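To start, the structure under review is shown below, and the notes come after it.
The values are calculated or read from the model by the stated rules, or taken from the named source; none is laboratory data. Since the model is a prediction, treat every value here as computed from it, not as a measurement. Glycine also receives a Cβ, built like all others from the backbone with ideal geometry; neighbour counts cover every protein chain displayed. To get the accessible areas, we keep the full protein, side chains included, count just its heavy atoms, and leave off ligands, DNA and RNA. Shrake-Rupley method; radii C 1.70, N 1.55, O 1.52, S 1.80 Å.
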Amino acid sequence: MRYFIQLSYRGTAYKGWQIQPNGLTVQEVLEQKLSTLLREKISIIGSGRTDAGVHAEQQFAHFEIDRILELTDSFIHALNCILPPDIAVQTIFPVGPRVHARFSAVSRYYQYRIRKQKSPFLDMLLYVFQPTLDVESMNEAARLLFKYDDFESFSKVRTKVSHFRCDIHRAEWLVEGDQLTFHIKANRFLYGMVRTLVGTMLEVGQGRMTLAEFERILLAKDRTQAGRSAPASGLFLVEVGYPPEAFQKKNED
């Protein structure tokens, strides 16, 4: 049986989602706790990687097990009780054997959150950035993203991908109370792409880069041309989208 997990986490204490040898990751912790609760070795596959320090309000993963699970509220509660406070599972449900957490996903939606002033309640959950920003210029830069589909200039170097194309569905900056949020949704994202886009658009917002220069960076396909990456603390994976049919027949092939 294949099961999907919906979870959320604060990424501050982790070296990202994916298991790696040089630090604790969300995937590692979740696998350990599921294995403990189910009393057998469990391996999980996530919908995608989040970098060290990046948060997720909604993440999906799947695992397989050779038995039918009793997925009661008590089971979810028991799992959450043994997980650390910064990881929470919302639900686990069966899916068909061909539904894949990563490859069946059709969209990912991120938000990058900025405030001018530090908040004791939101420590490490936003980027404190005090310079005055021209939000309209930043939105003009964001609208340029719809003109292109190759974002190599905003990808970390030495990343192992076959291409740098992404289909952008949404890209805009919104002032929400005392918070400035960049909303971006696409079919896929490159390693480090959102944080580099944010860092470069902040240059535009400060008047340190023109829109023509921003567009030239898009066309350059050269990471050294783009601005610095914004800190991980402000970035949230907000939603992972799947086609409706992916979950319609949860127990059928």
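Of the residues 169, 190, 201, the one whose Cα sits farthest toward the positive end of the charge dipole of the range 162-203, with +1 on the Cβ of Lys and Arg and -1 on the Cβ of Asp and Glu, is 190. Against the empirical curve 2.2 N^0.38 Å, the C-alpha radius of gyration of the range 76-163 lands at a ratio of 1.61. For the range 84-114, the set of chymotrypsin sites (Phe, Trp or Tyr not before Pro) satisfying both a DSSP loop assignment and a count of at most 10 other C-beta atoms within 10 Å is given as 103.
For residue 51, what charge total do you get from the other residues with a beta carbon under 13 Å from its beta carbon, if Lys and Arg give +1 and Asp and Glu give -1?
Numbers: positive: 15, 49, 156, 195; negative: none.
Residues close to residue 51 contribute a combined charge of +4.
The residue among 3, 25, 35 whose Cα reaches farthest toward the positive pole of the charge dipole of the range 1-77, with charges on the beta-carbon of Lys, Arg, Asp and Glu, is 25. For the chain, with a Gaussian network of springs between Cα atoms less than 10 Å apart, report the residue from 202, 79, 69 with the top mean-square fluctuation. The residue with the greatest mean-square fluctuation here is 69.
Taking GluC sites (Glu not before Pro) as candidate sites, keep only those in a DSSP loop with at most 12 other Cβ atoms within 10 Å, then name the longest stretch of the chain containing none of them. That gives 71-251 as the longest site-free run. Just to be sure I understand: with springs between alpha-carbon atoms less than 10 Å apart, which residue in 121, 182, 129 has the highest mean-square fluctuation in the Gaussian network model of the chain? Judging by the Gaussian network model, the answer is 121.
For the chain, report the % of Cα-Cα distances exceeding 26 Å.
Working: 13939 of 31878 pairs.
Across the chain, Cα pairs with separations above 26 Å total 44 percent.
Leaving ligands, DNA and RNA out of it, report the carbon-plus-sulfur percent of the accessible area of the chain at a 1.4 Å probe. So the carbon and sulfur contribution to the accessible surface is 49 percent. For the chain, the 222 nm mean residue ellipticity estimated from helices alone, with every DSSP H stretch of n ≥ 4 adding -39500 (n - 2.57) and the total spread over all residues, rounds to -6500 deg cm²/dmol. Using only side-chain charges placed at the Cβ, +1 for Lys and Arg and -1 for Asp and Glu, the dipole size of the range 105-253 relative to its Cα centre rounds to 480 debye.
Give, as a single signed number, the net charge of other residues whose beta carbon lies under 11 Å from the beta carbon of residue 126, with Lys and Arg counted +1 and Asp and Glu -1. Summing Lys/Arg as +1 and Asp/Glu as -1 gives +2. Annotation for the range 1-33: trypsin sites (Lys or Arg not before Pro) lying in DSSP loop with at most 11 further Cβ atoms inside 10 Å of their Cβ do not exist. Over the chain, accessible surface divided per residue gives 50 Å², non-protein components excluded, 1.4 Å probe.
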